[in-house]
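Each remark here refers to the structure printed beneath this line.
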Amino acid sequence: MDIVYGIVLVLHLIGWAMVLGGALAGMRAGEMNKGMLHGILTALVAGIVMVGLASAGVAGAEPNNIKIGVKLLIALAVTAMIILGNRREKVTSGYLGGIAGLTTLNVAIAVLWS
């Protein structure tokens, strides 16, 4: 099961990379990248699966529920921003910067909060 956890972790990171890359790529034109929606949905589903696997004892340690809650709130905020941004033809670079900033914050919390 450790292999499954590792594969889901890689999918989670790829999802966040799609969101961050799409936000940075769209800043100049002020357009939402369609891959950002797929990236955030991949990151959300993979994150939920990872929490389930970790709670079942696969990851080797009990998950930190406060950290997971904070990360989930940020992920849901990014999801809402992406869904609302996809409804518009143009968005500001600040809007995309907010998505990129929250994405970076989520990754930083994952790495630095121990």
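All of the numbers you see were taken from the coordinates with simple rules; none came from a lab. These numbers were taken from a predicted model, which means no experiment stands behind them. No Cβ is skipped: glycine too gets one built from the backbone with ideal geometry, and neighbour counts run over all protein chains shown.
List of remarks:
- Net charge over other residues, Cβ less than 14 angstrom from the Cβ of MET36 (K, R count +1; D, E count -1): +2
- For ALA25, the shell of other residues with beta-carbons less than 13 Å away shows a net charge of +1, using +1 for Lys and Arg and -1 for Asp and Glu.
- Per-residue Cβ neighbour rank within 10 angstrom, fewest leading, GLU31, GLU62: GLU62, GLU31
- Candidate cross-link partners of LYS34 among the lysines, defined by an alpha-carbon separation under 22 Å and a same-chain spacing of 8 or more, comprise LYS90.
- Label-to-label distance, nm, for residues given as ILE109 and LEU13 (7 Å Cα→Cβ offset): 2.0
- Among MET50, ALA17, GLY101 the positive-end extreme of the charge dipole of the chain (Cβ point charges): GLY101
- Taking each residue as 0.36 nm, the span from MET1 to ILE66 lengthens on full extension beyond its C-alpha to C-alpha distance by 20.9 nm.
- Dipole magnitude (debye, nearest 20) for region 2-112, charges at Cβ of Lys, Arg, Asp, Glu: 360
- Note: relative contact order over region 2-112, using C-alpha pairs below 8 Å and six or more positions apart, is 35 percent.
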